[in-house]
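Heads up, the thing below is written out as structure tokens.
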Amino acid sequence: MTDIALHPIAGNALMTAATFGFIVVTLRNVISTAQLIGAARAFQTRIKPARRSFDLWTRYADLALPVSVIAPCFNEALSIIDSVRALLALEYPEHEVIVVNDGSKDETLATLIAEFDLVRVERERTAALDHKPVLGIYVSRKHPGLVVIDKENGRKADAVNAGIAYATAPLVCVIDADSIIEPDGLLRATEPFMADDGSLMAVGGAIRIANGSIVHGGHVRQIKLPEGWLPRYQILEYLRAFLTARVANARINMLLLISGAFGIFRRSVLVEIGGYRHDTVGEDLEVVTRIHRHMREQRRPYRIDFVPEVVCWTEAPFDWGGLRNQRSRWEQGALETLVRHRHMLFNPRYGRIGMVGLPILVLEDVLGPPLELAGYLAIPILYAYGIVSADVALAFLSLTVLFGTALSLGTLILEEVQLRRTPSARDLAMIGVAAFVENFGYRQANLFFRLRGMWRFARKDSSWAAVPRAGFTKG
């Protein structure tokens with residue numbers, strides 16, 4: 001305790017900040033608990049998919065709709081060959097691979113032409129979507145299902161629109177060129193469409209972190225835990241996001257986000273809504289929100305589903321600078337989506353999306369970051385000045401650390417019971433340790449990064465904050 005008195009105005013401001021911080025943390029924990037319970041019930045009641053890809057193939061080979069896999073790329077000359085080979089080798093009855101070279105400055109296009117014996121062709125555009133001019137279209141003489149679109153740079157959303165505009169299949173799979181889809185991942189992710197009545201608009205797939213794992217020939221050959229703690233914390237975040245939040249939200253048709261790293265859409269609905277928007281850094285959240293809005297305004301029955309089995313692997317930021325840029329961009333994208341679709345908030349016309357889904361997004365991305373961070377800063381100061389008791393400070397610590405850790409451990413248990421993708425008991429224990437340690441520094445740093453995203457949004461800063469890549473561990 002300090003003997004220096006705190007000014008009454010400052011004391012009142014800190015008490016207000018601590019109170020609102022306490023309320024926000026409590027609400028977020030309640031929501032997370034509900035999502036964990038909802039996810040557990042969803043796993044318990046759903047029909048489990050076949051474990052072997054052969055069984056999947058036998059069951060659905062004659063029902064699988066053709067898929068156009070769209071992979072935008074920019075300056076990927078070093079890894080594009082492995083990525084394309086992996087996409088061509090996907091276990092799927094009928095799929096085309098559309099690689100969109102988004103104005104790369106390196107040898108990406110030349111590498112593709114040489115490796116896959118590409119020849120320039122004329123190809124009819126099947127949808128009028130907004131995108132930068134196309135400079136040339138190529139097909140492979142080695143692989144008839146490979147198409148390469150060379151276009152002026154316009155960033156990812158623009159490149160995806162170009163891919164959709166020239167796609168021929170009723171389903172489109174949008175992926176990052178540096179993501180790794182498991183060989184049977186496309187078949188697993190399209191499984192919900194097999195028995196669909198036409199109301200299913202999109203399916204999200206689970207994303208897992210490949211840092212530290214052994215990659216060979218465009219496939220993850222051995223799952224390993226990353227060496228650094230930063231990727232380990234992100235493993236937990238991804239588990240909480242994909243294994244609890246999205247499973248629970250999809251169960252009640254309230255899924256607002258399909259990861260830009262991997263998602264499957266009914267092409268017709270993307271064309272109806274005009275494709276992806278170019279004026280946001282969070283195009284994945286925005287496009288799904290716009291699908292909800294479009295379908296509800298049309299008063300058409302629809303669903304957006306999610307497949308929790310691992311289907312796609314990606315590289316997470318390995319340093320603080322990359323994490324800062326990624327989380328700032330995510331925050332900025334969420335705010336852009338909320339502002340653009342603000343009339344949906346608390347509007348009964350949009351059902352549970354307007355009355356529950358978007359308000360939760362406001363709590364998590366507008367009120368949450370500043371108020372939770374204010375609570376973390378205010379409680380120690382108030383305790384030091386003797387304004388709050390040790391019991392109150394301990395209650396806040398328990399709410400944030402112990403409750404948060406318990407929720408993370410609950411997600412780990414769910415993962416082990418349902419999917420069992422953590423390679424060993426030792427790795428599971430290390431992730432459990434990370435669930436506790438992340439509360440001391442990592443969570444608070446993420447809040448600062450999200451405030452940076454708010455600042456970028458306020459300044460209308462649309463520049464792309466790059467995330468450095470170390471590359472996959474080759475084996």
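Run the numbers for His216 and Met194: contour at 0.36 nm per residue of separation, minus the present Cα-Cα distance, in nm.
My answer for the length gained is 4.8 nm.
Between Leu27 and Arg303, what is the spin-label point distance in nm, taking each point 7 Å from the Cα along the Cα→C-beta axis?
3.1 nm
Given that just one value was derived from the coordinates, which of [x] 80, 47, 45; [y] 72, 57, 39; [z] 80, 54, 45 is Cα extents along the principal axes in Å?
Derived directly from the coordinates: [x].
Counting residues in the range 62-130 as N, plug N into 2.2 N^0.38 Å and put the Cα Rg over that result.
It is 1.23.
Enter the angle in degrees (range 0 to 90, nearest 10) between the Cα long axis of helix 283-297 and the first principal axis of the Cα atoms of the chain, meaning the one along which they spread out most.
Taking the Cα atoms of the chain, the angle to 283-297 is about 90 degrees.
Let's see if you can work this out: charge +1 on each Lys and Arg Cβ, -1 on each Asp and Glu Cβ, no other charges. What is the dipole magnitude of the range 68-181 about its Cα centre, in debye to the nearest 20?
220 debye
If each of Val362 and Asp106 carries a label point 7 Å out from its Cα toward its Cβ, how far apart are those two points in nm?
Those two pseudo-labels are separated by 4.4 nm.
Where nothing but the Cβ of Lys and Arg (+1) and of Asp and Glu (-1) is charged, how large is the charge dipole of the chain around its Cα centre, in debye to the nearest 20?
The dipole magnitude comes to about 800 debye.
How much length, in nm to one decimal, is gained on full extension between Asn253 and Asn347, taken as 0.36 nm per residue of separation minus their Cα-Cα distance?
Result for the pair: 32.2 nm of gain on full extension.
Would you please give the FRET efficiency between Ala127 and Arg340, computed as 1/(1 + (r/R0)^6) with r the Cβ-Cβ distance and R0 = 25 Å, to the nearest 0.05?
0.65
In bins 5 Å wide, starting from 0, what share of all Cα pairs of the range 90-134 does each bin hold, as a percent?
The distribution over the range 90-134 is 5, 13, 19, 25, 20, 16, 2, given as percents.
Hey, got the dipole for the range 220-378? About the Cα centre, +1 on K and R Cβ, -1 on D and E Cβ, debye to the nearest 20?
680 debye
Take the Cα atoms of the range 140-238, find their three principal axes, and give me the spread along each one in whole Å, biggest first.
42, 37, 29
Return the Rg/Rh ratio of the range 272-346 with Cα-based radii and a Kirkwood Rh.
Using only Cα positions, Rg/Rh for the range 272-346 is 1.04.
Return, ordered by residue number, the residues of the range 241-261 whose backbone nitrogen is under 17 Å from a label point located 7 Å along Cα→Cβ of Arg46.
Once the point is set 7 Å along Cα→Cβ of Arg46, 241-259 turn out to lie under 17 Å by backbone N, inside the range 241-261.
My understanding is that a pair violates if its Cα-Cα distance is over 18 Å; which of Lys105/Lys156; Lys151/Lys460; Lys105/Lys460 do that in this structure?
Lys151/Lys460; Lys105/Lys460
Scan the range 174-272 for GluC sites (Glu not before Pro) in coil per DSSP, keeping those whose Cβ has at most 15 other Cβ atoms within 10 Å, and list them by number.
Of the GluC sites (Glu not before Pro), the ones in loops of the range 174-272 whose Cβ has at most 15 other Cβ atoms within 10 Å are Glu227.
Using the alpha-carbon centroid of each, what span in Å lies between the range 210-282 and the range 283-308?
17 Å
Just so you know, all these numbers are worked out from the coordinates, no wet-lab data involved. This structure is a prediction, so every number in the text was calculated from the model and none was measured. Here the Cβ is made from the backbone with ideal geometry for all residues, glycine too, and neighbour counts use every protein chain on show.
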